[in-house]
1. Expressed as a rounded percentage, what relative contact order does the range 188-304 have, with Cα pairs under 8 Å and six or more residues apart?
2. Is the range 92-205 best put as rounded, prolate or oblate by its Cα gyration tensor, with a ≥ b ≥ c the root eigenvalues, rounded for a/c under 1.5, and otherwise prolate when a/b is larger than b/c, oblate when not?
3. Whole-Hz Karplus ³J(HN,Hα) for the range 268-284, in order, using 6.51 cos²θ - 1.76 cosθ + 1.60 and θ = phi - 60°, x for Gly and Pro?
4. What is the sum of charges, Lys and Arg at +1 and Asp and Glu at -1, for the other residues whose Cβ falls under 10 Å from the Cβ of Leu125?
5. Give the long-range amide H neighbours of Arg243: residues separated by 5 or more places, or on another chain, with amide H under 5 Å away, using H modelled in the peptide plane at 1.01 Å from N.
6. Could you compute the net charge surrounding Val221? Neighbours are other residues with a C-beta less than 9 Å from the C-beta of Val221; K and R count +1, D and E count -1.
7. What trypsin sites (Lys or Arg not before Pro) in the range 109-157 are in a loop by DSSP, with at most 15 other Cβ atoms within 10 Å of the Cβ?
8. Using the Karplus curve 6.51 cos²θ - 1.76 cosθ + 1.60 with θ = phi - 60°, what ³J(HN,Hα) values do you get for each residue of the range 89-105, in whole Hz, with x for Gly and Pro?
Amino acid sequence: MNDMPTLGRPPKRVLRRSVILLLMVVCVLLAVVGARRHHDAAVVPVPPVVADASVPEVAARPPSDELGRAGLRKVKVDLSGPLETALVQGLGSELGQRLTQTVVRQLAWWVQVPKDLLRGDRIELLFEERVGQEPLVVALRFRSHKLGREFKSFRFVAPGAQFGHYYQPGGSELELRLIDSPLDDYDQVTSLLKDGRDHKGIDFKTPVGTPIRAPFEAVVVRKTWLFAQNGNSLELRDVATHRAAIFLHLSPLPASLFVGAAIKRGDVVAQTGNSGHSFAPHLHYQLVSPKGEALDPFVIHKTMRRKLSPTDLALFNAEMQRLEHLF
Ligand SMILES: [Zn+2]
């Protein structure tokens, strides 16, 4: 019995050895075939990639059309879903997302975003891509099914103006202006209460150091709380209505501004900044009812729409024509 297993082993070992040998042969064969295939693939002729010596190495392709010469790009979207999805599909995620943000800022002056954007609405844009900055929309056409008409806006820098703004045909500004505004001028409103971002205030894009005026006769309620979030901040209470005005992301506040101080309407109380949870210089302006509800400054304040002077309107019309031609 003892011998049997011993005697029985050699054939198995031989068999195992043969199997191993066979497997090795197969492996070697496969490897050779694989290598040949690989080699074959490598020797398949590929189109020559050597550049024509007369062409400069950096492919500075000359602009092929007027749009390129103007440094602009064009995009057209017929909405069949979210605007961002369409722009991301057409332009890639980073540019698509950033462009959506800038476009929504304009659309929000005409309709409520996103609920009033309907299937079949058409949005056409001319924009400038800018390195390290958000894209700059210079012309926008928006055909709205909800309102049954087309809207247009064009960016224009009036002579002597600190900022370029968006104007509609006829020369009226796209954005409304607050009367008794905390800022005399600014670059752009970058967030409205009705722009779908669930944000409690208005954001005004403006350089650090822009003076902030009290929108009403007020008393200083508090200074700089929750710094990591709000940065330097200020709350005023309206003497007449007991509403609060909250200003966030300011430059450091003067020591002379103390809690309880009485402020007249129009007094400069602070300067804008970029402090706290803020990604770019801007002013966050928020109105709060005595019950603590967020109020829309564009509803509470009286508003007006600025119009270009006749001289500026002539220049704007020329710019509008130039841009319309590029669509
Ligand atoms: Zn804000």
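1. Numbers: 285 pairs, mean separation 35.4, N = 117.
About 30 percent, as a whole number.
2. Details: a/c = 1.29, a/b = 1.21, b/c = 1.06.
Note, shape of the range 92-205 comes out rounded.
3. Karplus-based 3J(HN,Hα) across the range 268-284 equals 7, 9, 6, 10, 5, x, 8, 9, x, 7, 9, 9, 7, x, 6, 10, 9 Hz.
4. Details: positive: Arg73, Lys74, Lys76, Arg141; negative: Glu124.
So the surrounding residues net to +3.
5. Residues meeting the criterion, in which the H sits 1.01 Å from N, are Asp238.
6. Numbers: positive: Arg222, Lys223, Arg237; negative: Glu235.
Net charge in that neighbourhood comes out at +2.
7. Values: sites: Lys115, Arg119, Arg122, Arg130, Arg141, Arg143, Lys146, Arg149, Lys152, Arg155; in loops: Lys115, Arg119, Arg130, Lys146.
Answer by residue number: Lys115, Arg119, Arg130, Lys146.
8. Once θ is set to phi - 60°, the couplings for the range 89-105 become 4, x, 10, x, 5, 5, 5, x, 5, 5, 5, 4, 4, 6, 5, 4, 4 Hz.
A short reminder: the numbers here are calculations on the coordinates, not readings from a lab. Just so we're clear, the structure is a prediction, and the values are computed from it rather than from any experiment. Glycine also receives a Cβ, built like all others from the backbone with ideal geometry; neighbour counts cover every protein chain displayed.
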